[in-house]
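Written out below as structure tokens is the structure these notes cover.
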Amino acid sequence: MDILFLGTGAGVPGKVRNVSSLALKMLNERGAVWLFDCGEATQHQILHTSLKPRRIEKIFITHLHGDHIFGLPGLLSSRSFQGGELPLTVYGPKGIKEFISVSLNVSGTRLQYELDVVEIDEGIVCEDSQMTVEARRLEHGIESYGYRLQEKDKPGVLLVDQLKKDGVPPGPLYKEIKMGCPVTLADGRSIDPSKYTGPAQKGKTIAILGDTRPCEAAVVLASEADLLIHEATFSAENPQMAYDYFHSTTAQAAEIARQAGVKALVLNHISSRYTKEESIHLKTEAEEVFTPVILAHDLMELSI
């Protein structure tokens, strides 16, 4: 899995940072991309990457402020024009269905693919054989959610040398054994897959939070996560401003990471008031509370 940051700014587009959007690329795992928020000009940012809109399988919206949704109608429309035919599901707070419906209807847009819009509440938003996504309300000026992505445990490493030693010929059967399926060889022997696979590989956990003040829900969503992506709109020097605008500082994001026991923290949603040079100071502030810290920037890609 890889995370591609398409927009890491807050409020309005800036010269250095576009507004909020990030992509979770699971091309090897499921041949798909999940998008989290879709601020203005997200599809312009995508043009600078190898990401294909037709690969976008799900879009998760944290809240309905414009810097998180104004790029959505255009992206949905362009995905259709560019040959996207596979179904797409959009998840978001109450109101997202009306926003999309009005935008597409007024503009006369007709999508060439099936679009399902799900208005969420707290709890499990979606689950399949590979991933579970849980949502919880955060503390913001309007209804805002954070998402916890829990990858299911994966089969252990296939013990190929042992298979060969026991006379199991290479081929399609190896895949079945790795997936835990009992197989019968041509000579009649039954193969117990548990004898030829290592311990299951624990799935990754990622917490992606919308705009919020520090709150208990953030700690719960991020608990022992491999990666926490937390807004850090303001410097630690401006805690009152952060509180007044229902946001977090760098130090507050780091404190959530510390309490949750995460493995790494990414600071995201940075105010345009901070220049590229000043952003270095933001990272240092957070590191005084927690490490390791990564300061997100547009088009940065992380492997999970």
_A 21 angstrom limit on the alpha carbon distance is what I want to check against. Which of Lys52/Lys283; Lys52/Lys263; Lys154/Lys178 exceed it?_
Lys52/Lys283; Lys52/Lys263
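Quick one: compute the contact order of the chain, relative version, from alpha carbon pairs under 8 angstrom and 6+ residues apart, as a percent. Display every interim value, and only then the final one.
Numbers: 701 pairs, mean separation 51.1, N = 304.
Relative contact order comes out at 17 percent.
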*Prolate/oblate/rounded label for the range 156-249 (Cα gyration tensor, a/c 1.5)*: prolate
*Using a Gaussian network model of the chain with C-alpha springs under 10 Å, which one of Ala257, Ala200, Ala135 is most mobile by mean-square fluctuation?*
Ala200
*Size of the dipole of the chain about the Cα centre, Lys and Arg at +1 and Asp and Glu at -1 on the beta carbon, nothing else charged, in debye to 20?*
960 debye
*Inverse mean reciprocal Cα-Cα distance (Kirkwood Rh) of the chain, Å*: 20.7 Å
*Pop a pseudo-label 7 angstrom from the Cα along the beta-carbon direction at both Arg258 and Thr291 and give the gap in nm to one decimal.*
1.4 nm
*Highest-MSF residue in the chain out of Arg189, Arg55, Arg148 [GNM, Cα springs under 10 Å]*: Arg189
*Going through the range 65-170, which GluC sites (Glu not before Pro) have at most 12 other Cβ atoms within 10 Å and a DSSP loop state?*
Glu85, Glu114, Glu122
*Quick one: check the C-alpha center-to-center distance for the range 213-230 versus the range 156-189, whole angstrom.*
41 Å
*Can you sort Asp166, Asp211 by how many other beta carbons sit within 10 Å, fewest first?*
Asp166, Asp211
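Each value in this text was obtained by applying a stated rule to the coordinates, not by laboratory testing. All figures in this text were calculated on a predicted structure; none of them were measured in a lab. All Cβ positions, glycine included, derive from the backbone under ideal geometry; neighbour counts span all protein chains shown.
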